[in-house]
Amino acid sequence: MTFRATRHCMEISHLAYADDIVIFTQAAEGPLRRLRTCLETYAGVSGQQINLAKSNFYIAEQHEGCANIIQNEGGFARGTFPFLYLGVPIYRGVKHTDMFMFLREKIAARISGWAHRHLSFGGRLTLLQSTLEAVPLHIFQAIEQTSGALKQLDQQMARFF
């Protein structure tokens with residue numbers, strides 16, 4: 001089984017980057033057995049092991065009845081939407097502002113390490129432009145942000161400034 005982002009676009013069967021991979025398949029015993037066999041063959045040939053503790057499956061609500069089959073056949077734990085893949089939220093359905101809360105936490109962690117009370121106006125401006133504004137760039141290039149997320153990030157950076 002393959003995945004389509006929209007009706008008339010290219011089919012996607014997997015996404016891979018370095019040692020991370022997302023595989024799209026049917027939630028049925030046959031395809032799951034073939035997937036498991038493929039992964040075991042890969043492990044045997046390459047010498048690399050599949051880390052089942054870090055492996056998850058994600059399923060749409062209408063296929064909820066297949067969750068036990070997937071867990072039993074695949075040996076994977078069940079994950080929930082949204083989740084992060086390479087730092088970008090993967091979600092199903094409508095985007096929500098709270099999907100971008102991890103960005104606020106990242107920016108807050110950066111700010112907390114700085115003694116911004118002792119920084120000059122120019123020092124705060126430089127840190128804001130060179131560091132804080134760069135944090136969400138990768139994510140916002142991959143997924144369109146919500147206006148609520150932009151507003152929250154703007155407010156957080158304005159408070160720092």
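The values are calculated or read from the model by the stated rules, or taken from the named source; none is laboratory data. Keep in mind that what you see is a predicted model, and the values were worked out from it rather than measured. Positions of Cβ are generated from backbone atoms using ideal geometry, with glycine treated the same way; all protein chains shown enter the neighbour counts. Surface areas here come from the heavy atoms of the whole protein model, side chains and all, with no ligands, DNA or RNA. Shrake-Rupley method; radii C 1.70, N 1.55, O 1.52, S 1.80 Å.
Descriptive notes on the structure:
- Counting only trypsin sites (Lys or Arg not before Pro) that DSSP places in a loop and that have at most 12 other Cβ atoms within 10 Å, the longest clean stretch of the chain runs over 8-91.
- Using a simple spin-label model with pseudo-atoms 7 Å out from Cα toward Cβ, residue 114 and residue 38 lie 4.6 nm apart.
- If the segment from residue 101 to residue 24 were pulled out straight at 0.36 nm per residue, it would be longer than the present Cα-Cα gap by 25.0 nm.
- With all protein chains in place and a 1.4 Å probe, the accessible surface of the chain carries 54 percent carbon and sulfur.
- Here the extension length gained between residue 54 and residue 67 equals 2.9 nm, from 0.36 nm per residue of separation less the Cα-Cα distance.
- Cα centre as origin, Lys/Arg/Asp/Glu Cβ charges: the chain dipole, Debye: 460 debye
- 3J(HN,Hα) along region 68-75, derived from phi through the Karplus expression 6.51 cos²θ - 1.76 cosθ + 1.60 where θ = phi - 60°, amounts to 5, 4, 5, 4, 5, 6, x, x Hz, with x in place of Gly and Pro.
- Gyration tensor (alpha-carbon) shape descriptor, region 57-115, a/c threshold 1.5: prolate
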